[in-house]
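Read the structure below first, then the notes.
The values are calculated or read from the model by the stated rules, or taken from the named source; none is laboratory data. In this text, all values refer to a predicted model and were calculated from it rather than measured experimentally. Positions of Cβ are backbone-derived with ideal geometry, glycine not excepted, and every protein chain shown enters the neighbour counts.
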Amino acid sequence: MPEQLVPDRSDRLALNASVAIAAIGAIITVVATVARLSEVAAGHDIPVVVLLQQTSVGLPLGPEGADVTASVDTATVLVNDPAPATLFALWAEPIWLALTVLAGLWIASLFFLRIARGEIFTRGGSRLALAGGLVFAAGWAGSMLFSTMSANGALAAVSDGTYTQLSMYVSLTPVLVILFIGGLGSALQIGEKLQRDTAGLV
């Protein structure tokens, strides 16, 4: 079997530092999630970020605080006694996001450790990359769904159902990330196959 390409000491330290950073990120994620859930659990004055379309407001940005007309894309509204569907989304969004972020950080940590041991092209590396892509896709899709439900429910609550514009934000960036991770997984699969073929010739 061919010798594994083990990174040098400085690279291994950097990879282990990345694992430590992922652990810190996991702690921050848990703390932020608990803080958000505590806001939702209060049941009143729940801050919800909503997207606005072609909305102009006066902001005190002029001389001596004079109002200046500005276009606003987002706003934070306070929701009291949300509808059951909105309340479900408000609870589900931080929980879903936290679970997928923690899963993604765990997969990333395993991936970094495999690289540090020189096992990047052994069986399992491509599976980790593909699993990371699936987790990222699930996190993005679920978060977008629940945030849309929360925002539109909040707008309906504060406007008594009279605000009819849909609050939904779609970005192509997550799609590009998913494509990149999928390509990385495919490249690792090719590398694993070449590694196995090389091992058979030795």
Count of the stretch 64-82 residues which are farther than 18 Å from Arg36 by Cβ, in a loop (DSSP other than H, G, I, E, B) and either aliphatic (A, V, I, L, M) or in contact with a Ser or Thr (Cβ under 9 Å, 6 or more places away or on another chain) (or both): 1
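Matching residues to (1) polar (S, T, N, Q); (2) at pLDDT 95 or above; (3) closer than 30 Å to Val158 by Cβ:
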| residue | (1), (2), (3) |
| --- | --- |
| Val19 | no, no, no |
| Ile24 | no, yes, no |
| Ile27 | no, yes, no |
| Val57 | no, no, yes |
| Leu61 | no, no, yes |
| Gly65 | no, no, yes |
Any chance Met168 is within 19 Å of Leu52 (Cα to Cα), at pLDDT below 75 and touching a Ser or Thr at 6+ places or on another chain (Cβ under 7 Å): yes
Selection status of Thr100, of a type in the set (Ser, Thr, Tyr), in contact (Cβ under 8 Å) with a residue 24 or more places away in the chain, more than 30 Å from Leu130 (Cβ to Cβ) and surrounded by 15 or more Cβ atoms within 10 Å (Cβ to Cβ): no
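Select, from Ala108, Ala85, Ala32, the only residue that is buried (at least 17 other Cβ atoms within 10 Å of the Cβ) and assigned to a helix (DSSP H, G or I). Spell out the reasoning first.
Numbers: Ala85 fails: buried (at least 17 other Cβ atoms within 10 Å of the Cβ); Ala32 fails: buried (at least 17 other Cβ atoms within 10 Å of the Cβ).
Going through Ala108, Ala85, Ala32 in turn, just one is buried (at least 17 other Cβ atoms within 10 Å of the Cβ) and assigned to a helix (DSSP H, G or I): Ala108.
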The stretch 111-143, subset small (Gly, Ala, Ser) and outside any helix (DSSP H, G or I), residue farthest from the chain's Cα centre (by Cα): Gly118
Residue in the stretch 60-72 that is over 26 Å from Leu184 (Cβ atoms) and either of a type in the set (D, E, K, R) or surrounded by 15 or more Cβ atoms within 10 Å (Cβ to Cβ) (or both) present: yes
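For (1) aliphatic (A, V, I, L, M); (2) over 30 Å from Pro84 (Cα atoms); (3) touching a Ser or Thr at 6+ places or on another chain (Cβ under 8 Å), each residue gets a yes or a no:
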position: Arg12; (1), (2), (3): no, yes, no
position: Leu15; (1), (2), (3): yes, yes, no
position: Thr29; (1), (2), (3): no, no, no
position: Ala32; (1), (2), (3): yes, no, no
Unique residue being more than 25 Å from Leu99 (Cα to Cα), among the small types (Gly, Ala, Ser), modelled with pLDDT under 85 and out of contact with any helix residue (DSSP H, G or I) (no Cβ under 6 Å at 6 or more places or on another chain) when the list is Gly124, Gly161: Gly161
Scan of the stretch 175-202 for residues that are modelled with pLDDT under 70 and loosely packed, with under 12 Cβ neighbours inside 10 Å, ordered by number: Asp197, Ala199, Gly200, Leu201, Val202
